[in-house]
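Colleague: My questions will all concern the structure given below.
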Amino acid sequence: MIPSGEPFLRPIPKRWIPREMTTAPALDHSEPREFLQRRYALLINPFYPKDANASFGKHVLTPTLALTSFAATTPAHWRVDYWDENLLDGRPPYNPMPQVVGITVHLTFAKRAYELADWYRARGAKVIFGGLHVLSCPDECAPHADALAIGDGVQLWPRILRDIEANTLLPRYVATYENDYCDDPPPRRSILPRHSFLTTTSLIATRGCHNRCGFCYLATDGLRMPYRMKRPEQIAAEFQADDQPYAVFIDNNLGSRRDYLHTLCAALRPLNKIWSAAVTIDVTDDPSLIRNMALAGCTGVFIGFESLSDDNLADAHKKTPKTADYARRVRMLHDYGIQVNGSFVLGFDHDRKDSFARTAEWIEENRLECATFHILTPYPATPLFQQMEAQGRILHRDWIRYDTGHAVFQPKHMSPEELEQGYAWIYQRLFSHSSIWRRRPQQLQAIPLYLAMSYLYKRSNRFWHLLIKHDLVNPVWKPLVEMTRWRHVHYRRRLAQREMPVGSPGQVVSAGV
Ligand code: B12
Ligand code: SF4
């Protein structure tokens with residue numbers, strides 16, 4: 001048993017972090033205007049500082065689809081390029097100067113997005129902003145952009161480019177998420193650098209979620225996102241076309257409609273590939289679904305347990321099974337060879353100083369292969385933000401620290417500093433040699449791959465920036481992924497022949513974001 005005071009026995013030393021992971025590349029303001037190339041659009045994912053407590057590996061697991069999804073609607077007579085500042089290749093290109101710069105904006109990198117936008121606009125490019133922060137704080141974003149895309153970029157991007165060509169650009173474009181999702185083209189993955197990620201196959205089959213937790217961005221005021229699904233065959237075709245062994249579903253909750261997930265699994269099964277996805281724990285209500293997921297190649301799930309307190313979950317309006325039943329449900333996933341990356345939110349109103357030790361203990365007892373922690377963060381325009389603001393508990397609006405690694409509100413039963421200390425402690429505990437070992441798979445043959453993946457993911461922060469800079473992410477990860485796929489294909493053949501779950505295959509590839 002972990003003593004409940006352990007997280008607070010001594011200050012947690014600050015972890016070493018390379019400069020590239022904390023500081024965006026400099027922009028040269030004396031740079032003269034370059035030749036502006038008409039019908040050239042540059043799409044940018046801006047830099048954000050990384051949290052030294054968590055794995056740097058997660059940032060190169062799989063790319064965001066924010067830019068590739070609407071890039072697919074770019075007319076053929078336009079050139080379109082992609083630049084992700086987090087891949088450590090320096091600042092985005094400017095020679096030739098793009099006619100249009102499209103930037104995705106989240107609150108944690110809003111400041112960087114504004115810097116980039118101001119720089120490109122001063123040199124003649126038209127800057128278009130889209131993304132979550134544009135939706136929640138349009139008035140803050142507006143002065144830095146020529147136009148805002150509020151909502152679904154897939155519908156808006158071709159209109160915006162048409163208006164730019166006709167010189168009739170409007171300051172705001174709005175689209176909801178209520179159209180038929182099957183009509184969206186597949187994301188344009190060909191613009192992504194293939195060596196820079198564990199896999200370029202980020203798939204998204206559905207948008208929305210049957211829940212509306214008060215802290216989730218899906219509860220943002222003005223965001224209407226009914227649950228929409230693509231046809232399973234569309235998703236299988238995308239997976240096949242990208243020619244990677246492993247895909248990460250970035251859906252908010254792939255398990256929201258169980259009938260849909262059954263049919264999706266049937267479409268993925270013949271591919272003989274592996275994948276992971278975020279689902280809610282209630283998928284385990286239907287054991288036949290878990291079996292079908294395993295048969296279709298699911299090696300891992302990312303589950304937002306959020307909290308081990310039923311009171312916290314009720315306050316957040318999360319419809320979820322009782323926490324006392326979580327352990328049985330985790331076992332069910334493990335029995336089918338599906339590893340569990342648990343996501344936990346720290347700092348809810350019923351959390352006290354002992355909740356860090358209790359959470360760590362539960363994770364170790366139940367052998368969760370991976371765990372991700374988030375300090376409760378009231379995102380602007382969500383019910384949680386409104387509630388905290390009404391109670392006078394918001395400490396500041398420095399969005400860069402709204403990254404779930406900082407306490408930005410006054411917790412109820414501890415100080416903000418104690419919350420941050422508990423957060424740092426729990427990561428340190430779960431990334432320690434002893435904790436990794438305690439959570440090893442029960443099957444002996446699965447241990448070497450588990451250890452290789454755990455050490456690469458959780459204990460290699462000293463090296464990640466080098467792997468990223470030298471384009472080694474995919475080459476280093478690939479053998480582990482291929483081995484996992486190979487073992488999984490054999491595992492599912494055995495599983496298909498039996499009624500009951502069979503042992504565990506190598507549970508290697510980490511699912512979560
Ligand atoms: C993939 C992903 C990641 C990846 C890549 C992130 C990156 N920026 O490179 C990784 C794993 C690295 C990651 C890390 C983190 N993430 Co993340 N991540 C996601 C995830 C699962 C998918 C994003 C995505 O591709 N969505 C699908 C696209 C198609 O939707 P979209 O982004 O809304 O884009 C559409 C529109 O907004 C619009 N659009 C967007 N940009 C633009 C730009 C233009 C010009 C136009 C015209 C339109 C447009 O068009 C698109 C098509 O409709 C989302 C959850 C989700 N399912 O969306 C969380 C999410 C974005 N992440 C989140 C968080 C909190 C983080 C972390 C801070 C967590 C952590 N503590 O480590 C980190 C750090 C990132 C940071 N500092 O911002 C939160 C953000 C909450 C908020 N309000 O800001 C989300 C929403 C998860 C959640 N449920 O809370 N993440
Ligand atoms: S279950 Fe997850 S994705 Fe769905 S509303 Fe809650 S936090 Fe958001």
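The values are calculated or read from the model by the stated rules, or taken from the named source; none is laboratory data. Just so it is clear, the model here is predicted, and its values are computed rather than measured. So basically every Cβ, Gly included, is an ideal-geometry build from the backbone, and we count neighbours across all protein chains shown. Quick note on the areas: whole protein, heavy atoms, side chains included, nothing else; ligands and nucleic acids left out. Shrake-Rupley method; radii C 1.70, N 1.55, O 1.52, S 1.80 Å.
Colleague: Within 10 Å, count the other beta carbons around each residue, average over each peptide in 389-397, 195-203, and list them highest first. Present the calculation step by step, with values, prior to reporting the outcome.
Modeller: Details: 389-397: 11.8, 195-203: 22.4.
My ranking of the peptides, most packed first, is 195-203, 389-397.
Colleague: To continue, here is another question. Which lysines, on any chain, are close to Lys230 with Cα under 21 Å apart, when same-chain ones fewer than 8 places away are left out?
Modeller: Answer for Lys230, where 21 Å is the Cα cut-off: Lys273, listed by chain and number.
Colleague: Then there is this: From the square roots a ≥ b ≥ c of the eigenvalues of the alpha-carbon gyration tensor of the range 368-444, which class results: rounded (a/c under 1.5), prolate (a/b over b/c), or oblate?
Modeller: Since a/c reaches 1.5 and a/b is larger than b/c, the shape of the range 368-444 is classed as prolate.
Colleague: Something else now. DSSP loop trypsin sites (Lys or Arg not before Pro) in the range 286-366 with at most 10 other Cβ atoms within 10 Å of their Cβ, which ones?
Modeller: Answer in residue order: Lys322.
Colleague: How much of the accessible area of the range 247-335, in percent, comes from carbon and sulfur atoms when a 1.4 Å probe is used?
Modeller: The C+S portion of the solvent-accessible surface of the range 247-335 is 51 percent.
Colleague: Same structure again: For Arg231 and Gln37 in the same chain, what is the full-extension length gain: residue separation times 0.36 nm, less their Cα-Cα distance, in nm?
Modeller: Taking 0.36 nm per residue and subtracting the Cα distance, the gain is 66.0 nm.
Colleague: A further question on this structure: What ranking do 299-305, 40-46, 279-285 get when scored by the average of other Cβ atoms within 10 Å per residue, highest first?
Modeller: So the peptides 299-305, 40-46, 279-285, ranked by packing, come out 299-305, 40-46, 279-285.
Colleague: Are there any trypsin sites (Lys or Arg not before Pro) in the range 23-53 that are in a DSSP loop and have at most 15 other Cβ atoms within 10 Å? List them by number.
Modeller: On the way: sites: Arg33, Arg38, Arg39, Lys50; in loops: Arg33, Lys50.
Sites meeting the loop and neighbour criteria: Arg33.
Colleague: What do you get for the angle between helix 326-335 and the principal long axis of the chain? Use alpha-carbon atoms, 0 to 90 degrees, nearest ten.
Modeller: 90 degrees
Colleague: Once you order the gyration tensor axes a ≥ b ≥ c over the Cα atoms, which shape class does the range 302-421 get: rounded for a/c under 1.5, otherwise prolate or oblate by comparing a/b with b/c?
Modeller: Values: a/c = 2.04, a/b = 1.91, b/c = 1.07.
Verdict is prolate for the range 302-421.
Colleague: Going by a ≥ b ≥ c, the root eigenvalues of the Cα gyration tensor, does the range 93-235 fall in the rounded group (a/c under 1.5), the prolate group (a/b larger than b/c) or the oblate group?
Modeller: Prolate is the answer for the range 93-235, as a/c is 1.5 or above and a/b outweighs b/c.
Colleague: Sticking with this one: Quick check: the angle from helix 258-268's long axis to the longest principal axis of the chain, C-alpha only, nearest 10 degrees?
Modeller: The angle comes out near 80 degrees.
Colleague: In addition: How far apart, in nm, are the 7 Å Cα→Cβ label points at Ile2 and Arg159?
Modeller: Between Ile2 and Arg159, the simple spin-label model gives 4.9 nm.
Colleague: Write down the accessible area per residue of the range 328-391 in Å², having rolled a 1.4 Å probe over the full set of protein chains.
Modeller: The answer is 32 Å² per residue.
Colleague: If each of Glu482 and Glu365 carries a label point 7 Å out from its Cα toward its Cβ, how far apart are those two points in nm?
Modeller: 4.2 nm
Colleague: Here's something else I'd like to know. So what's the back-of-envelope 222 nm ellipticity for the chain, counting only DSSP H runs of four-plus at -39500 (n - 2.57) apiece and dividing by all residues, rounded to 500?
Modeller: -10000 deg cm²/dmol
Colleague: Please work out the average accessible area per residue across the range 122-269, using the 1.4 Å probe convention, and give it in Å².
Modeller: Heavy-atom SASA per residue in the range 122-269 reads 39 Å².
Colleague: A further question follows. Among DSSP beta bridges whose residues both lie in the chain, state the antiparallel percentage, nearest 5.
Modeller: 5 percent
Colleague: List the extent of the Cα atoms of the chain along each of their three principal axes, largest first, rounded to whole Å.
Modeller: 63, 52, 41
Colleague: Run the numbers for Ala142 and Trp16: contour at 0.36 nm per residue of separation, minus the present Cα-Cα distance, in nm.
Modeller: Values: separation 126, 0.36 × 126 = 45.36 nm, distance 3.66 nm.
Using 0.36 nm per residue and subtracting the Cα-Cα distance, I get 41.7 nm.
Colleague: Calculate the spin-label point distance for Arg121 paired with Gln497, positioning each point 7 Å from the Cα along the beta-carbon direction, and give it in nanometres.
Modeller: Here the answer is 6.6 nm between the modelled labels.
Colleague: For a Förster distance of 51 Å, can you work out the FRET efficiency between the beta-carbons of His396 and Asp285, rounded to the nearest 0.05?
Modeller: Given R0 = 51 Å and the Cβ-Cβ separation, E is 0.80.
Colleague: Compute all pairwise cysteine Cβ distances in the chain, then list the cysteines with no distance under 4.7 Å to another cysteine.
Modeller: Lacking a cysteine Cβ partner under 4.7 Å: Cys137, Cys141, Cys182, Cys209, Cys265, Cys298, Cys370.
Colleague: Next up: Out of residues 5 or more away from Ser343 or on other chains, whose amide H comes under 5 Å of its own, with H placed 1.01 Å from N in the peptide plane?
Modeller: Ile303, Gly304, Phe305, Glu306, Thr372
Colleague: Between the helical axis of 153-165 and the dominant principal axis of the chain, each derived from Cα atoms, what acute angle in degrees is found, rounded to the nearest 10?
Modeller: Roughly 10 degrees, rounded to the nearest 10.
Colleague: Would you calculate the convex hull of the Cα atoms in the range 365-513 and tell me its volume per residue in Å³?
Modeller: Convex hull volume per residue, Cα atoms: 179 Å³.
Colleague: Give the cross-link partners of Lys14 among the lysines, using a straight C-alpha distance below 18 Å as the criterion and excluding same-chain residues fewer than 8 apart.
Modeller: Cα-Cα hits under 18 Å: Lys50, Lys458.
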